[in-house]
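This report concerns only the one structure given below.
The values are calculated or read from the model by the stated rules, or taken from the named source; none is laboratory data. Everything numeric here is computed off the predicted structure, so don't read it as measured data. Cβ atoms come from the backbone with ideal geometry, glycine included; neighbour counts cover every protein chain shown.
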């Protein structure tokens with residue numbers, strides 16, 4: 001295997017004989033498994049890296065390309081630098097702290113995975129589409145568990161109504177139906193990230209793409225067709241096609257980190273209708289001449305689509321306010337730290 005087969009592109013930077021670069025293929029509690037095209041290494045960030053890192057997103061994530069310093073006589077390496085990311089899938093970090101968490105980096109495609117059973121949720125898919133557009137990767141929708149769907153054409157039509165121009169594939173991972181088409185998308189050197197909530201069949205899909213059981217799967221719960229997530233950490237897997245897949249822990253509710261600039265792409269139908277509103281600052285509430293509400297009255301636009309649009313818009317505005325406050329705290333802490341260091345030196 002060479003670097004290009006690992007997904008290396010010139011956009012990541014120039015490399016010379018004195019620089020060793022590797023890709024992060026696994027991460028768990030800031031212990032990283034790295035691959036340089038020939039060998040695997042166990043890596044940790046350097047002390048200087050830790051000192052300079054201000055937020056969680058500064059640290060390496062699965063899919064990242066990093067500059068490393070291999071330790072002689074060991075299969076260990078010190079990570080000195082994270083190279084610029086071509087794309088990244090981020091979310092609000094779990095917990096009370098406002099912080100970006102990069103779930104996967106340098107991905108070519110995001111497979112938005114949703115099950116065709118009772119857990120089918122078109123509003124959740126809208127949220128995932130927004131995250132996919134924000135990542136910079138190309139979204140592809142993969143609908144799993146087609147054997148549990150009584151009316152497949154209707155479900156696909158629902159997806160097509162909100163996912164304009166995005167390829168949609170349906171699969172049954174247990175018997176392999178539709179898997180070959182999806183496999184062909186992940187050609188040599190391409191990287192895919194699987195995004196979907198718990199229990200939609202991401203691990204089963206991954207096993208089908210690889211051709212062997214790499215991830216443990218669990219049956220769905222009786223009553224609501226939901227399953228428990230079986231992926232506990234992020235990892236990059238190599239496919240027989242030469243492509244790579246990054247699996248991520250399942251998420252019931254994906255907390256948005258960004259996406260303001262891509263809201264119009266996700267809701268292009270609402271955005272296009274809004275251009276015909278009588279007032280340019282129309283809120284689509286009770287204003288006269290509102291083309292959006294007229295489309296709802298005429299049955300041309302689902303009212304829930306507008307409700308979802310408003311909900312995501314409010315959530316993004318709230319996330320932005322929290323991020324601004326968090327960045328201000330980080331900047332304040334940085335200057336306090338520098339001031340303390342300067343005072344310490346002045347007394348010596």
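All of (1) free of Cβ contacts under 8 Å to residues at least 60 places away in the same chain; (2) under 22 Å from residue 187 (Cα atoms) hold for residue 66 with one exception: (2). Residue-level check: of (1) over 30 Å from residue 198 (Cα atoms); (2) crowded, with 19+ Cβ neighbours inside 10 Å, residue 71 misses just (2).
Being in the same structural domain as residue 125 (by TED's automatic domain parsing), at pLDDT 60 or above, within 27 Å of residue 38 (Cα to Cα) and within 21 Å of the chain's Cα centre (by Cα) narrows it down to one of 189, 199, so name that one. Walk me through how you get there before you give the answer.
Working: 199 fails: within 27 Å of residue 38 (Cα to Cα).
Answer to the selection: 189.
With 287, 235 as the choices, which residue is part of a loop (DSSP other than H, G, I, E, B), at pLDDT below 90 and not assigned by TED's automatic domain parsing to the domain that holds residue 35? Spell out the reasoning first.
Numbers: 235 fails: part of a loop (DSSP other than H, G, I, E, B).
After applying the criteria, what remains is 287.
Within the range 14-53, the set of residues being within 23 Å of the chain's Cα centre (by Cα) and outside any strand (DSSP E or B) comprises 29, 30, 53. With respect to the conditions (1) modelled with pLDDT of 85 or more; (2) touching a helix residue (DSSP H, G or I) at 6+ places or on another chain (Cβ under 7 Å); (3) in a loop (DSSP other than H, G, I, E, B), residue 242 falls short on a single one, namely (2).
When residue 280 is tested against (1) surrounded by fewer than 18 Cβ atoms within 10 Å (Cβ to Cβ); (2) under 24 Å from the mean Cα position of the chain (by Cα); (3) at pLDDT 60 or above, exactly one condition is not met: (2). Residue 165 passes every criterion in (1) touching a strand residue (DSSP E or B) at 6+ places or on another chain (Cβ under 7 Å); (2) under 30 Å from residue 84 (Cβ atoms); (3) assigned to a loop (DSSP other than H, G, I, E, B) apart from (1).
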